[in-house]
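Undergrad: Sharing a structure, written as C-alpha cells. Questions coming.
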Amino acid sequence: MLGRYLPLPGVILALVGCATLLVSGVDVMVVVAVLLLWCGSLWLVGAQPPPPQPKAKNTAFSRDTMGEMIEHSETPILVTERDRVVIANLMARKLLGAHAVGQDVRMALRQPEAVSLLDSGGDGSAIVRGLSRRRDIWRINRKELDNDVAVIELVNKTAESDISRAHTDFVANASHELRTPLASIIGYVETLREDVGNLEPKVGEKFLGTIHREAQRLEALVSDLMSLSRIEAEKHELPNDEVNLSAIVESAARDGAGTDRISRLDFEASDTFLVCGDAQQLEQLVRNLVDNAFKYGRSDETVTVRLHPKGRARVRLTVSDRGDGIAPEHIPQLTRRFFRTDPGRSRASGGTGLGLAIVKHIVERHRGRLDISSKLGEGTRVEVLLPLAKTEN
Ligand code: ADP
C-alpha cells in the first residue's frame with residue numbers, strides 16, 4: 001500500500017455519515033459516491049503508521065554494552081555506581097587487580113589525592129603518584145553520568161614526566177659542561193689582564209695555551225650539541241639517497257684517525273656496499289667510533305675497521321680496538337648523553353660525552369642496529385648493522 005493505510009476511526013466516521021445520509025433519504029448512488037470519495041481521500045492523505053514505541057530501558061543490558069565498549073581500551077577505566085566499582089576494564093583490572101570490582105572506589109584507588117577527588121563529588125581530575133609502582137604518575141579523571149553513575153579514567157603520565165625530567169637533566173648537564181671551560185677561560189683572561197706587565201712570557205704563553213684549549217672544547221661541545229639536535233629533529237625521516245658506504249667509511253676512518261694515527265688504522269671492505277643514507281651523518285658516525293677507538297685503545301695498538309655483508313639484506317660495520325675495555329655495568333649507559341666511564345680521561349682527550357649518543361641517533365635514523373661489546377683489559381668492539389639499498393635487477 002505504498003506505506004499508506006486507512007485510519008480506522010476515519011472509516012467508521014465515513015460509514016456513520018453515509019448511514020445518516022441514507023436514513024435522511026438521499027439517493028443510494030449519491031451515498032455510495034460520497035463514501036468512495038471520503039475513503040479515497042483518507043487513503044490518499046495516508047498518514048504514516050505511528051512510530052514504534054521505544055523499548056523499555058534495560059539497565060543490565062546497557063551496563064553490559066558499556067563494559068564491552070571499554071573492555072579493550074588501552075586506558076584503565078572504571079565505572080562506579082554510588083561509588084562502588086561496577087565495571088573495571090581489562091587494563092584497570094591489570095592495574096588494580098580483579099578484586100577492585102565490587103569494592104568502594106576509594107578503597108580500590110587508596111591514594112589520598114584520589115580519595116579527596118572522589119569525596120568532593122562531581123567532575124574533576126587529580127594527579128596521583130605510585131598507583132602501581134613507586135615512581136608511577138597517573139592522572140585520574142572523574143566524569144559523572146547521572147547522580148549515581150560515574151566514569152573514572154586513569155591516564156598514565158609516567159613516560160611524559162620521564163621525558164620532561166630527561167629534558168631538564170639534559171639542560172642542567174649541558175649548562176654544566178659549557179660553564180666549566182667558560183669559567184676557566186674567564187679566569188685566565190682576568191689574570192692575564194691584571195698582571196699583563198709582570199707576567200713572565202713563558203707563563204703568559206701557558207695561560208694562552210689553556211685558553212685556546214678550553215675554547216676549542218667549547219666549540220666541540222656546541223658543535224656536538226647542534227649535531228645531536230639536528231639528527232634528533234630528522235629522526236623519523238628515512239634518508240633516501242643511495243650512497244656508497246664503503247667509500248664513506250674509508251674516508252671517514254682516515255679523518256677520525258688523523259695524520260699522526262693513520263699508520264695504526266687497518267681498514268678493509270669486502271665489497272662496495274650501497275645503502276640509503278645521509279652521507280654526512282654516516283661520516284660522522286664512523287669518525288666518532290674511530291676517534292673513540294684511538295682515544296681509549298692503547299697507543300701502540302691497531303684500530304681495525306671492517307665492512308662485511310650480514311646476510312643478504314644488511315651490511316656490518318665493525319670498529320675494534322685493543323685497550324682497557326669497558327666494565328659490563330657501564331655498557332648499557334654508553335649512549336646516554338654526557339655519560340663517561342672516566343670523565344677526566346674523556347675531557348683530557350677532547351671528549352664531549354656526546355659521541356656515542358650521536359652514533360645511536362644516526363643508527364636509529366638509518367633503521368640500523370648498534371651493538372657494543374667489550375672485555376676489561378682486552379678492548380672494545382662496536383658493531384653497526386645497516387640495511388642495504390634495494391637494487392633493481
Ligand atoms: P666521549 O666524548 O667522552 O668519548 P662518547 O659518547 O664518545 O663520549 O663515549 C662515552 C664514553 O664511553 C667515553 O667517555 C668512554 O668512557 C666510553 N667509551 C667509548 N668508546 C670507548 C672505547 N672504544 N673504549 C673504551 N671506552 C669507550
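Only the coordinates and a few stated rules stand behind these numbers; no lab work does. Just so it is clear, the model here is predicted, and its values are computed rather than measured. Here the Cβ positions follow ideal geometry from the backbone for every residue, glycine too, while neighbour counts run over all protein chains shown.
Undergrad: Suppose we filter the stretch 262-290 for residues that are surrounded by fewer than 23 Cβ atoms within 10 Å (Cβ to Cβ) and within 13 Å of the ligand (Cβ to nearest atom); how many remain?
TA: Residues in the stretch 262-290 being surrounded by fewer than 23 Cβ atoms within 10 Å (Cβ to Cβ) and within 13 Å of the ligand (Cβ to nearest atom): 2 in total.
Undergrad: Could you pull out every one of the strands (runs of 3 or more DSSP E) wholly within the stretch 296-393 that has 1 or more residues that are within 23 Å of the chain's Cα centre (by Cα), within 12 Å of the ligand (Cβ to nearest atom) and without any contact (Cβ under 8 Å) to a residue 24 or more places away in the chain?
TA: So the answer is none; nothing clears 1.
Undergrad: When you look at GLN280, is it under 31 Å from the mean Cα position of the chain (by Cα) and either touching a residue at least 24 places away in the same chain (Cβ under 8 Å) or closer than 27 Å to ARG345 by Cα (or both), yes or no?
TA: In short, no.
Undergrad: Then there is this: Identify the residue in the stretch 230-245 that is under 26 Å from the mean Cα position of the chain (by Cα) and not in a helix (DSSP H, G or I) and, among all such residues, is farthest from THR335 (Cα to Cα).
TA: ASN240
Undergrad: Continuing with this model, one more query. Do we have any residue at all in the stretch 194-214 that's within 16 Å of the ligand (Cβ to nearest atom) and free of Cβ contacts under 8 Å to residues at least 60 places away in the same chain?
TA: Checked against the condition, which is being within 16 Å of the ligand (Cβ to nearest atom) and free of Cβ contacts under 8 Å to residues at least 60 places away in the same chain, the stretch 194-214 yields at least one hit.
Undergrad: Do we find a residue being in a strand (DSSP E or B), in contact with a helix residue (DSSP H, G or I) (Cβ under 7 Å, 6 or more places away or on another chain) and more than 21 Å from ILE358 (Cα to Cα) anywhere in the stretch 246-268?
TA: Yes - at least one qualifying residue is present in the stretch 246-268.
Undergrad: Follow-up. What is the one condition in (1) of a type outside the set (Gly, Ala, Ser); (2) free of Cβ contacts under 8 Å to residues at least 24 places away in the same chain; (3) over 30 Å from ALA100 (Cβ atoms) that GLU177 does not satisfy?
TA: (2)
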